[in-house]
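Enquirer: What follows is a single structure, and I will ask about it in a moment.
Just so it is clear, none of the values below were taken in a lab; they were calculated from the coordinates. Nothing here was measured: the structure is a model prediction, and the numbers come from that model. Cβ: placed from backbone, ideal geometry, glycine included. Neighbour counts: every protein chain shown.
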Amino acid sequence: MKICTVIGARPQFIKAASVSRALSAVPDIRELLIHTGQHYDSNMSDVFFSELGIPAPSHNLGIGSGNHGAQTGRMLEALEQVMLKEKPDWVLVYGDTNSTLAGALAAVKLHIPVAHVEAGLRSFNKCMPEEINRILTDHAADLLFTPTTTATRHLEREGISPALIDQTGDVMYDAALYFGDLALRKSGILHTQRLNPGQYILSTVHRAENTDNPDRLAAILEGLSTISAEIPVILPMHPRTRATLERAGRQSLLRGITLIDPVGYIDMIMLERNAALIATDSGGVQKEAYFFQRPCVTLRNETEWVELVEMGWNTLCPPESGQAVASSILRQIGTAGQTGTPYGEGDSADRIVRRLAS
Ligand code: UD1
Ligand code: UDP
């Protein structure tokens, strides 16, 4: 069986790392990776291939950045050509980026079955580009691998046949378990950044609803800047956020915050597992906070990962003012939630591969 996996953005490299490793252990399956080129800086792409042992993509489409329509359209056209040539038995897509949607759409139009990893997530906010990408991908897919019970219920409510849904757990949990110890041995980031375990805040900000709204972005950075007077704040900055701040000439909002370039996954999970608290608008980082039992403040109005809010590990903080952000973070430091296994047992990739193989 030949599987073409379509990836393109940072979190997809991390998700694919677990599944590609499991696929490579099955003699009858051959996986070809197609990189759309949505993310292309070496610290947003190459670093993950070298660090996580992901096989080199057999095709890199080099699509790069652009408006949603242009970017997705260029991907669709290029992916169709590759799929016509490669004639895969399945196309595998991850998450909810424009690369996910383009991969699913290119495949279904060619009548190639699509498997969607991380299916069923919903924010119920259609202003998010990711929400549109998820809904369309789920409804195009022939096999839907869900990370949580909530995700499974969303799909069932939308009329997707239970026979197509497989609740495997979250492949990001597999990755955190597999690479977590390696980070302890290999990462020197605490030393390089002069950080003491448990005595700093880690933050990431990249979501369009925050970066494209000057008031929300200012509220987040003012909040982080305020608390930096009490506890160090480190922020590996996504290129989207950096570009927005540079365009608007608002770098002064970063006063007091330790700004660094995006880091590789090994350094990132080292920063996560030792943080006093994580403040983020990232989907993946919210879950990693829980995997490493750190409290998290989510800088959004809603989250797809509702179980973490219910369990008490995650607090939603709509970034309406610097004061709101600062007080929410300071209140949550030192808190912990309930225990549980909402994301499975860390064997999601094996379960996905068993289902594909059968
Ligand atoms: C994308 C996904 C988002 C995901 C995120 C993960 C969509 C619609 N969004 O958002 O769901 O959470 O990836 O990080 O697919 N840029 C660079 N270098 C790069 C990549 C991006 O400079 O290697 C800059 C460019 O200015 C670009 C901007 O970041 O215009 C946005 O990149 P894009 O891939 O369109 O969206 P993300 O915000 O990264
Ligand atoms: N990540 C990373 N380096 C960074 C920031 C994030 O390796 O500087 C990892 C993080 O650990 C997680 C994934 O990237 O596994 C999350 O990706 P991102 O926040 O870009 O996207 P989202 O999950 O919100 O779609």
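Enquirer: To the nearest Å, what is the center-to-center distance of region 165-232 and region 79-148, using C-alpha atoms only?
Expert: Result: 27 Å between the Cα centres.
Enquirer: Defining a contact as two alpha carbons under 8 Å apart and six or more residues distant in sequence, what relative contact order in percent does the chain show?
Expert: Relative contact order here is 16 percent.
Enquirer: Let me ask something additional. What does the C-alpha gyration tensor say about the overall shape of the chain? Classify as rounded when a/c is under 1.5, otherwise prolate if a/b is larger than b/c, or oblate.
Expert: Note, shape of the chain comes out prolate.
Enquirer: For region 67-159, list log₁₀ I(q)/I(0) at each q in 0.22, 0.23 Å⁻¹, using the Debye formula over Cα point scatterers of equal strength and ignoring solvent, two decimals each.
Expert: -1.05, -1.12
Enquirer: Could you work out the helix-only [θ] at 222 nm for the chain, with each DSSP H run of four or more residues adding -39,500 (n - 2.57) and the total divided by the number of residues, to the nearest 500 deg cm²/dmol?
Expert: So the calculated ellipticity at 222 nm is -14000 deg cm²/dmol.
Enquirer: Additional query: Can you give the Rg and Dmax of region 137-238 based on its C-alpha atoms, in angstrom?
Expert: My reading of the Cα-based Rg and Dmax gives 19.7, 54 Å.
Enquirer: With angles folded into 0 to 90 degrees, how steeply does helix 322-332 sit against the dominant principal axis of the chain? Use alpha carbons for both and round to 10.
Expert: 80
Enquirer: Putting +1 on Lys and Arg Cβ atoms and -1 on Asp and Glu Cβ atoms, find which of 263, 211, 116 reaches farthest to the positive end of the dipole of the chain.
Expert: Value computed over the given set: 263.
Enquirer: Mind checking which aspartates and glutamates have their C-alpha under 14 Å from residue 85, skipping anything on the same chain fewer than 8 residues away?
Expert: 77
Enquirer: Binning every alpha carbon pair distance of region 1-154 at 5 Å from zero, what are the percents per bin?
Expert: P(r) for region 1-154, in whole percents per bin: 2, 10, 20, 24, 22, 15, 6, 1, 0.
Enquirer: Given the pairs 15/126; 15/109; 15/287; 15/186; 87/109, which span a C-alpha to C-alpha distance of over 19 angstrom in this model?
Expert: 15/126; 15/109; 15/186
Enquirer: So, by mean Cβ neighbours within 10 angstrom, what's the order for 325-335, 76-86 with the highest one leading?
Expert: 325-335, 76-86
Enquirer: Sticking with this one: What are the semi-axes of the equivalent ellipsoid for region 203-321, taken as the square roots of 5 times the Cα gyration tensor eigenvalues, largest first, in whole Å?
Expert: After diagonalising the Cα gyration tensor, the semi-axes are 21, 16, 13 Å.
Enquirer: Further question: So for each of 51-64, 256-269, 105-118 I average, over its residues, the number of other beta carbons within 10 Å; can you give me the resulting order with the highest mean first?
Expert: Descending packing order for the listed peptides: 105-118, 256-269, 51-64.
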